[in-house]
Structure formats: structure tokens, C-alpha cells
Amino acid sequence: MTVVVEEFAKKHGFVKDTVLEVLAELGVEVEGGAFEADADALDLIIEELKGRVAPAADVLVLAPGRTPRDLAAAMGKPDKDVLKTLMTKVKVMATLTTTLADDVAEKLAAELGFKVRWEQPEAAKPAAKAAKPSGPAKPGEKSLRPPVVTILGHVDHGKTSLLDYIRKTNVVSREHGGITQHIGAYQVNLKEGTITFLDTPGHAAFTAMRARGAQVTDIAVLVVAADDGIMPQTIEAISHAKNADVPIIVAVNKIDKPGANPDRVLQQLTQYELIPEAYGGEVITCPVSALTGEGVPQLLEMILLQAEVLELKADPRGALEGVVIEAKLDKGRGPVATVLVEEGTLHVGDVVVIGRTWGKLKAMTDWQGERLKLAGPSTPVEILGLAEVPMAGDTMEPAKDEREAREVTTARQQAERVRALTSPKRKVSLKDIRKMGEEDTVKDLNLIVKADVQGSVEAVKGLLDKIENEEVNVRVIHTGVGSITESDILLASAAHAIVVGFNVKPEGGAKIEAERQKIEIRTYTIIYELIEDIEAAVKGMLEPKFEEQYHGTVEVRMVFKLTKAGKVAGSHCTDGKITRNSSVRVRRDKEIVFEGKLASVRNVKEDVREIIAGQDCGLKFDGWEDFKDGDLIEAYELVQVN
Ligand code: GDP
């Protein structure tokens, strides 16, 4: 059927220009103000347009510090009506140009049937908004982006509670009809800025992503319960964050509990090279309660402060880059993925390649279920339209068109199959460390040490720390008491480490994971065997260095010519020794006439291994027969010294 653009826009309540824009994007031709479409196509166009008209009509997006006149303009209402409502209903006396407190503005808007969403300062705005073409960023210019935060810590110390508290308080103040959804990440909009939280807590997820090459976290919040103190998984989390080189902010949680002892936690932290500011160090610590919310605003403030120090920047107009946070197959909607945009801006309709799949994005929603048209750096969005379900940690890149995306994807899948068949993913093993040293100039030997008791852990670590070597750095990146777990394997995979167990064995799951990921696990029951092995590996990692070790001097006294065996140098050893394996340097009047190896050493007619000072011998050289009486032979050996 033929549809007139103007009528269509009016009927469905869209702006005509937006309709034209969408039609152009969808490739629908408009002629004489009308276009052709069947019922299905119309549905699609309407669906697309609905995605564009965010925010909903009853939401005002305002910068803080507005006047009644600003509000009137935003709501499309006469100035005097707005002023009257302010005085009579909100009971605030003001003129049209008085700057209203934000809560007063919210009340005034509410009286007139509107909700207010406060705009963030430019720098901290969710980049989706900052990335509009009219925005301040010029192409190639990086602007500040929100920090991406992961919450780590021991089980039951309150990671989930803290994430929930932050999310809920954020929804109460900002929600405008959306339904909070779990998409694997969410954003908190504060007056001072925006923070993106990855809401799968725990270091297993954090490191699993890293093992796949995706480092998305900018700041780690380490939750430590004040009534429990530092526990094994806290230590693991510290190792994981440190290994990823991510700054740590410590949230000392559960301060509302009677048994809470935050000071003890601060003291314990010092044992793990996390020196709190209170102790003269640099680690930010915040006492909080995820139950009552006490201290949480300060924690958020500290996160933003840390982000400021980090100067996290991205270019909303740059080439698109992103990473998958979560993905699943939804019965009704097909493959669904949450992606975090890292660079550039993602638009509905974009064609992207993600890992080994691709898609033309049909729709995009944020964690509050709000449909978005575009999403900029640090914005997590759920996307629809992928051909297959990608994996967490997969990277997202733009494609020119569907054809290119399909081609890239097919090529990748093929390459992957070939790789899987031909070469298992190579990881570190003690044996091939030397090869790695040569090929990749890997000069760090990362170790994870697990032992049965704390005393052993310390003893092993102490001895390993003593292995000194100028070229290879032995780094114990994590230690722990207890058997080798899957989490250890994940860390090993991300950090290219070897797992060393002393009096402990890997758990079943860890064993399987280690085999899958080709991680070497070495277990020992004798501490010196452990140390010797590592020392040997360290030596293997070095470029071999050789030094000449003097064996002895031999003088040629008479040259024999044997019919069968050719020429033999009848010689006398004057000093030290000469062996079958010696390297030799032959001098004649100070000039070197031959350098090389021997072919045989004989005493009378017997082949011998060595001749010592005072003995005679017959020497043959490897590929050289031009010796003369009086030649001096210097015998030596090249010895590896490292
Ligand atoms: P997670 O395993 O680290 O995610 O810990 P959870 O968030 O599941 O919390 C474990 C338990 O501690 C739950 O019963 C929470 O209600 C409780 N909890 C968490 N934070 C606090 C807090 O600040 N104060 C108190 N009193 N209890 C808390």
C-alpha cells in the first residue's frame, strides 16, 4: 500500500523528520512524500521509530539548576500556569527566573504530570548522550568516560547485597517507567558522574573474561566483611586484581553488625601490600553497610574520584569496539547479548561482528528496559539481532555490511576449526619455557603456589623469592592454603602462570579445566624438589651463555702418514689434559691455523677418552689435516654458565 509520510507521522505520533530519517536508514524509498509498504514492513518501521523516541513524552531531561521558565518551556506549558502551580501546590514563592532547587523542580514537574531525569555533567554523562553528533567531541578527540567497576571478595561478605543496594537506590531516584532487568551490568547516574557496574560479582567471572583477553574492569571494589576479616577468597581476589593491574578500593562491609571490627580489616590489608590511607598508604578504604546503606554514597564518590585520577577516556566518534559481558539464548527473542561499548558509538541498525558470530542490530535496551537508539563508551546494552549466541569476553567490531560480516565470521569459524585440530592453545609449561624465552621474550615466570598449611605456603614462597636471576623474574602472583581450585586455573590462564602445589592436589574441576586450558600443574611433597625444578626452569629460560674452560696444551711432535687412516699428529700433552670432546685451537707461530673439534684421540693404537700431561697421543682433527711439527694445540671446553 502507499503511505503518505505526513499522515503516517501524525497518526502514530512521530515527528515527520524522524520518520524520514528512519525510512532512509531502512532503505525505504520516499517519492512525492509517500512510500510503499506492506503491513509487516509498517510494523517494522513503527517498531524502529518507537526505539527512537526515547525518552518517553512525559520525561523531562534537564540539566540541574533550572528556573520555572525553563520548566515551562520544556513542558510546553504557559509560564504563568507553571508559576501558579509552583506557588499554590508546591508552596514555593519564586519568580520566573529564580533558580529552583532540584527537588523543588522535581515536585513542580510532578504536579504537572512530568518526571524529571537530570542530565549529568558532560564529562560524566553516559556516553550515549554525549555521543550525539551535536556533542562536543570532535572526531579523534577522546572524552572522559564512566569507569567500569567489578565487585570482588569472599563469599557472603556482601558483594551481591552491595550491588543490589546501589542498584535499588539508583532506581528509586531515577526510574521512569522502566523495569529493572538483569543484563549483567548497570549504570548509576550521580550528580558527580556515572559509574558502570558489572554485576556478576566475584573474581572467577572477572578472570574468565581476562583469560579470553577482555580486560574491561577499570576499578575493583574489594568487599571485606568487618566481622570476618580477610578470608581465602579475599586473598584470591587481591591477587586477581593485582595481576590485572586494576586499582583496588576496599569496601569494609557490615559495619552495622555488633561484631564488626573495621580497624582489624585495615590492619590485615597491610599484610597483602594494600596499605590503607589511614596507615599512610594509598589504598582507599570505605566503611559501608550494604544493609543500611551507610557509607555507600561515600564509596561511590571514591570510585568517581579514583576514575578521575585514572583519566579514563574514549572517543565516542572513533571506530566501534566493545566486549560481551553476558549472552544467552532467549526463547522468544533469539540470541541476546549484553555488550559494553568501549570505543565509538553503537547504533541500532549497525552491522557488527562479535567473536565468531555477527548481527544487524534490531534493538538495543539498557538495564532499565529503556530502548536506546545509540550507546557510547562504557555503556552496557542488551542487543538483539545476532545470528548466534556469542561468548562472554568476545570482542565486538563493526562491519561494513552484512556480506562482510558474514565473510569475516565464516573465515573465523574456519580458522578456529583448523586451530583446534592442529595446535592446542599453547600455555606455559616448565619444559617449554626455554622456547618461550626465545620466541616471545617472556622473561617472567609467574607462579601460583598452593599448600596444605600457611606455614608451608610461606616457606615455599620465601624460597622462591630467593631465586635470583637477572633475566628471569620469578613472580609468585598468588598463594593460598588448600587444594588447587578452578579459580587458580583461571588466574593461571589469564596470567600465563604455572600452578605449583605443595602437599595438595587439584580438585576434580580444576584438573579438567587445566587440561582444557593447557595449564601446567606441578605437585610436590618435598620442598627442595619443588625449588630445584623451578630453578632448573629459570635456567632454561635464559639465553644460554657459554664460557671457555681450559683443558690443556698439547704439542705436535711428529706427523705420521698412515695408508688407511690418513694423517695423524703424533703429539705430547705438556699441560692439563685433552679429551675426545675437547674443542681445539691450533697455533703456529702465534697464528691460529685451525679451530674446531677432534676426530679421534689415540694412545698407541687404542682410542681413548682423554690424555693427560706427560702422555703421548695420536690426534686426528675433524676436517683438517694440515698440521706440522711444532704446532701448539690448546684444548678447551665450552661450558654453559647459567
Ligand atoms: P556475597 O556472597 O558476597 O554476594 O554476599 P551476600 O550479598 O549474598 O551477603 C551474604 C549475607 O550477608 C546475606 O545474608 C546478607 O544479607 C548479609 N549482609 C550483606 N551485607 C551486609 C551488611 O552490610 N550488614 C549486615 N548486617 N548483613 C549484610
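The values are calculated or read from the model by the stated rules, or taken from the named source; none is laboratory data. Everything numeric here is computed off the predicted structure, so don't read it as measured data. Ideal geometry is used to build each Cβ from the backbone, glycine not excepted, and the neighbour counts take in all protein chains shown. Heads up: the accessible areas ignore ligands, DNA and RNA and are worked out on the full protein's heavy atoms, side chains in. Shrake-Rupley method; radii C 1.70, N 1.55, O 1.52, S 1.80 Å.
Do we find a residue being crowded, with 18+ Cβ neighbours inside 10 Å and touching a Ser or Thr at 6+ places or on another chain (Cβ under 8 Å) anywhere in the range 532-546?
No, the conditions are met nowhere in the range 532-546.
Any residue at all in the range 531-552 that's more than 30 Å from VAL474 (Cβ to Cβ) and outside any strand (DSSP E or B)?
Looking for residues that are more than 30 Å from VAL474 (Cβ to Cβ) and outside any strand (DSSP E or B), one finds none in the range 531-552, hence no.
Go over the candidates ARG475, ARG522 one by one and state the one that is in contact with a Leu (Cβ under 9 Å, 6 or more places away or on another chain) and within 21 Å of ALA241 (Cβ to Cβ).
ARG475
Under the condition of being surrounded by 20 or more Cβ atoms within 10 Å (Cβ to Cβ) and part of a loop (DSSP other than H, G, I, E, B), which residue from the range 322-349 is farthest from the chain's Cα centre (by Cα)?
Ranking the candidates gives VAL348 first.
One residue is enough: does the range 29-44 have a residue meeting the conditions surrounded by 17 or more Cβ atoms within 10 Å (Cβ to Cβ) and either β-branched (Val, Ile, Thr) or in the same structural domain as VAL351 (by TED's automatic domain parsing) (or both)?
No: zero hits.
Applying the selection to the range 581-602, what residues are open to solvent by 50 Å² or more (accessible area, probe 1.4 Å) and more than 60 Å from the chain's Cα centre (by Cα)?
Answer for the range 581-602, where residues must be open to solvent by 50 Å² or more (accessible area, probe 1.4 Å) and more than 60 Å from the chain's Cα centre (by Cα): ARG587, ARG588, ASP589, LYS590, GLU591, ARG602.
GLY369 passes all but one of (1) outside the structural domain of ILE527 (by TED's automatic domain parsing); (2) modelled with pLDDT under 90; (3) touching a helix residue (DSSP H, G or I) at 6+ places or on another chain (Cβ under 9 Å); which number fails?
(3)
To keep it simple, each residue is scored yes or no on (1) in a loop (DSSP other than H, G, I, E, B); (2) in the same structural domain as GLU342 (by TED's automatic domain parsing); (3) within 14 Å of the ligand (Cβ to nearest atom).
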{"site": "THR196", "(1), (2), (3)": "no, no, no"}
{"site": "PRO201", "(1), (2), (3)": "yes, no, yes"}
{"site": "LEU222", "(1), (2), (3)": "no, no, yes"}
{"site": "ASP228", "(1), (2), (3)": "yes, no, yes"}
{"site": "SER239", "(1), (2), (3)": "no, no, no"}
{"site": "ILE249", "(1), (2), (3)": "no, no, no"}
{"site": "VAL252", "(1), (2), (3)": "no, no, yes"}
{"site": "GLN267", "(1), (2), (3)": "no, no, no"}
{"site": "TYR272", "(1), (2), (3)": "yes, no, no"}
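If you take the residues in the range 110-168 that are open to solvent by 60 Å² or more (accessible area, probe 1.4 Å), within 16 Å of the ligand (Cβ to nearest atom) and not hydroxyl-bearing (Ser, Thr, Tyr), which one is modelled with the lowest pLDDT?
LYS168
State all residues of the range 274-303 that are of a type in the set (S, T, N, Q) and in a helix (DSSP H, G or I); if no residue qualifies, say none.
Listed by number, the list holds a single entry, GLN298.
Here is a list of conditions, (1) part of a helix (DSSP H, G or I); (2) loosely packed, with under 15 Cβ neighbours inside 10 Å, and LYS91 meets all of them except one; can you say which number that is?
Of everything listed in (1) part of a helix (DSSP H, G or I); (2) loosely packed, with under 15 Cβ neighbours inside 10 Å, LYS91 misses just condition (1).
Please state which one of PHE206, PHE197 is more than 28 Å from ARG475 (Cβ to Cβ), in contact (Cβ under 8 Å) with a residue 12 or more places away in the chain and within 18 Å of the chain's Cα centre (by Cα).
PHE197
What's the number of the condition THR217 fails, among (1) open to solvent by 40 Å² or more (accessible area, probe 1.4 Å); (2) within 14 Å of ALA241 (Cα to Cα); (3) away from the ligand (no atom under 16 Å from the Cβ)?
The single condition THR217 does not satisfy is (1).
Just for the range 286-321: of the residues that are charged (D, E, K, R) and crowded, with 18+ Cβ neighbours inside 10 Å, which one is nearest to the ligand (Cβ to nearest atom)?
Among those that are charged (D, E, K, R) and crowded, with 18+ Cβ neighbours inside 10 Å, it is GLU321.
Which condition does MET558 not pass, out of (1) touching a strand residue (DSSP E or B) at 6+ places or on another chain (Cβ under 8 Å); (2) open to solvent by less than 50 Å² (accessible area, probe 1.4 Å), if it passes all the others?
The one condition MET558 does not meet is (2).
For the range 1-84, which strands (runs of 3 or more DSSP E) that fit wholly inside it have 1 or more residues that are more than 42 Å from the chain's Cα centre (by Cα) and at pLDDT 80 or above?
Strands (runs of 3 or more DSSP E) meeting the threshold: 2-4, 34-36.
Answer yes or no as to whether PRO258 is in a helix (DSSP H, G or I), open to solvent by 10 Å² or more (accessible area, probe 1.4 Å) and either in the same structural domain as THR169 (by TED's automatic domain parsing) or of a type in the set (Phe, Trp, Tyr) (or both).
So PRO258 does not fit the description; no.
Would you call VAL604 on the phi > 0 side of the Ramachandran plot and at pLDDT below 90?
yes
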